[in-house]
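Working notes for the structure below.
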Amino acid sequence: MADAERRARAVWEGDLAQGSGTVTLESSGQGGTLPATWASRTARSDGKTSPEELIAAAHATCFSMALAHGLTEAGRPPTRLTTAATCTFAPIEDGFKIAAMALEVRGEVEGIDATEFAAAAAAAKDGCPVSQALKGNVPITVAAELV
């Protein structure tokens with residue numbers, strides 16, 4: 001398989017506090033142009049996105065794919081996985097940082113118990129490419145519930 005490249009474009013106008021920007025998912029063309037502001041990162045989103053929301057979306061999707069793959073490889077393909085990701089943006093001494101990522105997954109999987117599901121979720125957390133990109137910089141937790 002050849003390397004896959006995906007593209008997004010951001011445009012920012014003005015200073016940080018009063019300015020605003022947009023992000024466009026160029027490879028897929030999905031989602032249209034999404035507005036972003038500093039306030040959407042640090043206060044209320046007011047219908048605008050932020051880099052942290054986009055990272056959370058990427059991580060939830062990547063983790064779900066990794067978990068589906070791991071379960072399928074173990075002979076337990078999932079019926080449904082629903083993953084929520086919460087990316088925490090926090091102030092630090094000299095600015096801000098992504099301080100944590102929390103994944104919560106609910107799974108419908110035949111023939112597996114809660115302990116096996118939790119172990120599969122932990123393995124997916126460690127193995128998904130977005131987790132690998134964050135590893136060593138952002139603490140990642142996962143909570144798994146079998147339904």
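Using just the helices of the chain, give the 222 nm mean residue ellipticity in deg cm²/dmol: DSSP H runs with n ≥ 4 each add -39,500 (n - 2.57), and the total is spread over all residues, rounded to 500. Could you put the intermediate results ahead of the total?
Details: 4 runs with 48 residues, N = 147.
That comes out to -10000 deg cm²/dmol.
Could you tell me what percent of the DSSP beta bridges with both partners in the chain are antiparallel, to the nearest 5?
75 percent
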Inset, instruction - Could you work out which residue, out of 104, 52, 93, moves most in a Gaussian network model of the chain, that is, has the largest mean-square fluctuation with Cα springs under 10 Å? - result: 93
Legend entry - Per-selection metrics, the range 25-95 (Cα): Rg and Dmax in Å: 16.0, 48
Legend entry - Virtual spin-label span in nm between residue 65 and residue 33, 7 Å along Cα→Cβ: 2.8 nm
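Pulled fully out, how much extra length does the chain show between residue 7 and residue 132, if you take 0.36 nm times their separation in residues and subtract their Cα-Cα distance?
Values: separation 125, 0.36 × 125 = 45.00 nm, distance 1.96 nm.
Result for the pair: 43.0 nm of gain on full extension.
When a/c reaches 1.5 or more, the comparison of a/b and b/c decides; with that in mind, is the range 51-146 rounded, prolate or oblate per its Cα gyration tensor? The partial results should precede the final answer.
Working: a/c = 2.51, a/b = 2.43, b/c = 1.03.
Here the range 51-146 falls in the prolate category.
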Inset, instruction - For residue 89, list long-range residues whose amide hydrogen, built 1.01 Å from N in the peptide plane, is under 5 Å from its own amide hydrogen. - result: 99
Inset, instruction - For the range 92-130 and the range 54-83, compute the distance between their C-alpha centroids and round to whole Å. - result: 10 Å
Inset, instruction - May I ask you to compute the full-extension gain from residue 141 to residue 88, defined as 0.36 nm times their residue separation minus their alpha-carbon distance, rounded to one decimal in nm? - result: 17.9 nm
Legend entry - Amide hydrogen neighbours beyond the local backbone of residue 146, cut-off 5 Å, H modeled: 107
Legend entry - Whole-Hz ³J(HN,Hα) from phi, Karplus 6.51 cos²θ - 1.76 cosθ + 1.60, for the range 107-120, glycine and proline x: x, 10, 9, 6, x, 9, 9, 4, 5, 5, 5, 4, 5, 5
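Values in this text are rule-based calculations from the coordinates and carry no lab data. Everything numeric in this text was worked out from a predicted model, so none of it was measured. Cβ: placed from backbone, ideal geometry, glycine included. Neighbour counts: every protein chain shown.
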